[in-house]
Amino acid sequence: MKILLINQAVSCFIAFLKVSLPYFKQKYNYKYLIAMKKLKHLSVVAMAGMMLVACGQNKKEEQVSSAQETETVTVADETATSQVQDTIEVELNAEDTMKFDKNEIRVHAGQQVRLTLNHVGKLPKSSMGHNFVLLSQGTDVNAFATKAVQEGKAPDFEVPESLLTEVIAHTKTIGGGESVTIEFTAPEAGTYDYICSFPGHASMMNGKLIVE
């Protein structure tokens, strides 16, 4: 398109020369040859100048196109980075003061969750055991904790088999300085309670698993 416009401009310039030069020759005959040379030189310069402008515009358009391609790649990379990971690592610490260091955990539905429970205290399992119990939606937390104590067996007080139908996932009970890791698939979107079911702990050691 730009080359066509340049050709049209040059054609107009040449037409102007053809019309004006006979008059110029008749009036200023003794300077005709000099004028012809100068005008020819000017026409060449004009054509070269217009060609340079066209090339410069093409180069700018190529640079803009290249920049747009680079930007597109960057956006694609950010999109890939933001994709949900298949497995999420979660660390939950429990203390001798009967506290979890997290009262909220966020995951995505269907995501594989690898949860590690660390007992960062020093007291033994028999007196200050901790576990992680993720309850099904709709489970009465207080009722579950009460049954877990009543039906659990000392000294570990593991989750009784009779209550496993209300449990999505759970760890074994651990003592001070110990750790345990479990894996489970995040359930459908919603909010789920998790507790430590060791006797007397559920009222203080609890939180929410939020599945998005």
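The values are calculated or read from the model by the stated rules, or taken from the named source; none is laboratory data. Everything quoted here is computed from the prediction, not taken from an experiment. Cβ sites come from the backbone with ideal geometry, for glycine too, and all protein chains shown count toward neighbours.
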The listed residue being within 16 Å of Ile168 (Cα to Cα) and assigned to a strand (DSSP E or B), out of Leu115, Leu92 = Leu115
task = Take Pro155 and decide whether it is assigned to a loop (DSSP other than H, G, I, E, B), out of contact with any His (no Cβ under 6 Å at 6 or more places or on another chain) and surrounded by 17 or more Cβ atoms within 10 Å (Cβ to Cβ).
result = no
First in the stretch 166-185 and closer than 24 Å to Gln137 by Cβ, second anywhere and of a type in the set (Asp, Glu) and assigned to a strand (DSSP E or B), Cβ under 9 Å, 6 or more apart = Ala169/Glu183
message = Here is a list: Asp101, Asp96. Which entry is exposed (fewer than 13 other Cβ atoms within 10 Å of the Cβ) and under 39 Å from the mean Cα position of the chain (by Cα)?
response = Asp101
query = In the stretch 81-135, what residues are modelled with pLDDT under 95 and among the aliphatic types (A, V, I, L, M)?
reply = Val84
ask   = Among the listed residues Ala186, Ala143, which satisfies the condition of being surrounded by fewer than 16 Cβ atoms within 10 Å (Cβ to Cβ) and either over 19 Å from Asp101 (Cα atoms) or polar (S, T, N, Q) (or both)?
value = Ala143
Search result, residues across the stretch 118-136 that are in contact with a strand residue (DSSP E or B) (Cβ under 9 Å, 6 or more places away or on another chain), hydrophobic (A, V, I, L, M, F, W, C) and either farther than 16 Å from Ala148 by Cβ or assigned to a helix (DSSP H, G or I) (or both) = Val120, Met128
request  = For Thr97, state whether it is among the hydroxyl-bearing types (Ser, Thr, Tyr) and touching a strand residue (DSSP E or B) at 6+ places or on another chain (Cβ under 9 Å).
outcome  = no
ask   = Checking Gly121 against (1) of a type outside the set (A, V, I, L, M); (2) surrounded by fewer than 18 Cβ atoms within 10 Å (Cβ to Cβ); (3) out of contact with any Ser or Thr (no Cβ under 7 Å at 6 or more places or on another chain), which single condition isn't satisfied?
value = (2)
Single condition Met204 does not satisfy, out of (1) under 36 Å from the mean Cα position of the chain (by Cα); (2) outside any loop (DSSP other than H, G, I, E, B); (3) under 21 Å from Met98 (Cα atoms) = (2)
key: Among residues of the stretch 160-180, those that are assigned to a strand (DSSP E or B) and under 17 Å from Gly121 (Cα atoms), counted   = 3
